[in-house]
Ligand SMILES: [Fe+2]
């Protein structure tokens, strides 16, 4: 290993120190980054000076980038980037939190047939208070789940739907018919095996609507209970954003959520890309 690092928590997350990503690193470094990504699940690159084009290019070193169906959030010149900001007219905070679904534990693109691999965020503008992103370890969640739950959920699949989660959390700005039609409900195993590390994790979160083969209400009850149960305070990492921060995480074995902040007083802008795993969860 040639990269200088510092662990973020005892369990997961690592900071890579002193790496300049304004130009794409060579293949050996990229390989090292991928190894650290699989081992630590959250990679923090510190503050970077990173154009939108370099962000996309770095994302492509992880795989194929998602073009998100919610096209109102696309960064205009780079639709692979999804931009969330409360900066409105005259460059002032507009009081509107841009995507309220992000306040709840979830995993990116679990509503897609091919789900999120990495999500990679660049922070253009940070708040002084609030807006932190929390990550929760789903390998640990699986390891700590009771025998009873493991038995009840063995071979069970959850149906994931963006329309379900979006309507529930952000109903004042509903999906268009076209957006809804192009995101049919998909199901994935609740216990998945990571395709690279071969470790088991729990795969649920806020896009999970019901459980295939169970009455709808029972599935809802179980998912609501599990989404609380699988988060352990000692298996989480909270990231406090600074302007220029660049951070990547693995959606196949982590959930994440964003704290609220005073959107009328402070500006917060992030842009992100999500890499889609070409292998279906199993
Ligand atoms: Fe997210």
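Rule-based calculations on the coordinates, nothing more; no lab input. Keep in mind that what you see is a predicted model, and the values were worked out from it rather than measured. When we count neighbours, we look across all protein chains shown, and the Cβ atoms used for this are built from the backbone with ideal geometry, even at glycine.
Is the stretch 65-191 rounded, prolate or oblate when judged by the Cα gyration tensor, a ≥ b ≥ c being the square roots of its eigenvalues, rounded requiring a/c under 1.5 and prolate requiring a/b larger than b/c?
prolate
How many angstrom lie between the Cα centre of the stretch 171-215 and the Cα centre of the stretch 42-89?
So the two Cα centres are separated by 22 Å.
Rank the residues 173, 15, 209 as a footprinting-exposure proxy: fewest other Cβ atoms within 10 Å of their Cβ go first.
By the 10 Å Cβ count, ascending, the order reads 173, 15, 209.
Can you tell me which of 93-103, 119-129 comes out highest on packing, and rank the rest after it, using the mean Cβ neighbours within 10 Å?
Result, highest mean Cβ count within 10 Å first: 119-129, 93-103.
Any chance you could check the Cα centroid distance between the stretch 241-260 and the stretch 116-136 for me, in angstrom?
4 Å
Hey, fewest Cβ within 10 Å first, where do 110, 22 land in order?
By the 10 Å Cβ count, ascending: 22, 110.
Can you put 279, 220, 272 in order of Cβ neighbours within 10 angstrom, beginning with the fewest?
In order of increasing Cβ crowding within 10 Å: 279, 220, 272.
Classify the stretch 1-104 as rounded, prolate or oblate from the Cα gyration tensor: take a ≥ b ≥ c as the square roots of its eigenvalues, call it rounded if a/c is under 1.5, otherwise prolate when a/b beats b/c and oblate if not.
Taking the square roots of the gyration eigenvalues as a ≥ b ≥ c, the stretch 1-104 is prolate.
Output needed for the stretch 170-268: three equivalent-ellipsoid semi-axes, defined as square roots of 5 times the C-alpha gyration tensor eigenvalues, in descending order, whole Å.
Three semi-axes, in Å: 27, 22, 15.
Can you give the relative contact order of the stretch 59-160 as a percent, counting alpha carbon pairs under 8 Å and 6+ residues apart?
14 percent
Let me know the shape class of the chain, please: from the alpha-carbon gyration tensor, a ≥ b ≥ c as square roots of the eigenvalues, rounded when a/c is under 1.5, otherwise prolate if a/b is greater than b/c, or oblate.
oblate
Rounded to the nearest 5, what is the percent of antiparallel bridges among the DSSP beta bridges in the chain?
Here the share of antiparallel DSSP bridges comes out near 95 percent.
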